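The values are calculated or read from the model by the stated rules, or taken from the named source; none is laboratory data. All figures in this text were calculated on a predicted structure; none of them were measured in a lab. Neighbour counts run over all protein chains shown; Cβ positions are idealised from the backbone, glycine included. Calculation scope for accessible area: heavy atoms of the full protein, side chains included, ligands and nucleic acids excluded. Shrake-Rupley method; radii C 1.70, N 1.55, O 1.52, S 1.80 Å.
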Amino acid sequence: MALREIRLEGDPILYKISRPVAKMTDRMRVLIDDMFDTMYDGEGVGLAAVQVGILRRLFIVDVTEEDEDPNPMVFINPEVVETSGEQTGSEGCLSVPGKVANVTRPNFVRIKAFDRDMNEFVYETEGIPARVILHEYDHLDGHLYPEIAEGPLMDIEDVEMEEDG
Ligand code: NI
């Protein structure tokens, strides 16, 4: 288990465009394992390689709840094939710690990518998993969610207090 340093909003690397992964290597496998460790440690649901300082088109997602079995997914050189509908909901990012804001995104996504064995797959989903995938996808092109957030970023603690009543 190895944790990588998460780059934070303002770090120039987060605004750069990631380059394709040419092939799977031992180094890349270690990166993916470290990214999962780092994401779970930060209680995140998604993480892009650029967020740990590696400018490669790769992100990971696991949107399962705490009481469910983990479902770690790896998306390498992803391509969004289709989106439709619309959803608005609260979003956060490990590179923007302690903050959340409302973001509107497509409700449905169909995405093509390669898994950690470099096998191509097509995945489609809707709702929160689609939101997470599209959020991570934006990271590969140097975009952070505050760019498209509706209204100011809120402190997550304040929001949780409201939800608790
Ligand atoms: Ni993010």
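For this structure, a couple of remarks:
- Positive minus negative residues near residue 141 (Lys, Arg vs Asp, Glu; Cβ under 15 Å): +1
- Accessible surface calculations at 1.4 Å, restricted to protein heavy atoms, place the chain at 55 Å² per residue.
- Surrounding net charge for residue 53, when Lys and Arg each add one and Asp and Glu each subtract one, Cβ distance under 12 Å: +1
- Restricted to Cα atoms, the chain shows a radius of gyration and a Dmax of 15.3, 50 angstrom.
- Were the residues from residue 88 through residue 30 laid out at 0.36 nm apart, the gain over their Cα-Cα distance would be 17.4 nm.
- Solvent-accessible surface (1.4 Å probe) assigned to residue 26 amounts to roughly 120 Å².
- Largest accessible area first, the listed residues 18, 90, 84 line up as 90, 84, 18 when surface is computed with a 1.4 Å probe on the assembled protein chains.
- Per-bin percent of Cα-Cα distances, the range 71-165 [5 Å]: 3, 13, 21, 21, 19, 12, 7, 3, 1, 0
- Within straight-line reach of residue 112, meaning a Cα separation under 29 Å, sit the following lysines at least 8 residues removed in sequence or on another chain: 16, 23.
- Multiplying the residue separation of residue 40 and residue 161 by 0.36 nm and subtracting their alpha-carbon distance yields 41.2 nm.
- Neighbourhood net charge (15 Å Cβ-Cβ; Lys/Arg +1, Asp/Glu -1) for residue 117: -1
- Based on C-alpha pairs under 8 angstrom that are at least 6 apart in sequence, the chain has a relative contact order of 24 percent.
- Helix-derived mean residue ellipticity, 222 nm - over the chain, DSSP H n ≥ 4, -39500 (n - 2.57), to 500: -7000 deg cm²/dmol
- When DSSP beta bridges are restricted to pairs lying wholly in the range 12-164, around 95% turn out antiparallel.
- Kyte-Doolittle mean at least -0.5, axial Cα span of 18 Å or more - DSSP H helices of the chain: 26-41, 128-140
- In a reduced charge model with +1 at each Lys and Arg Cβ and -1 at each Asp and Glu Cβ, the chain shows a dipole moment near 1340 debye about its Cα centre.
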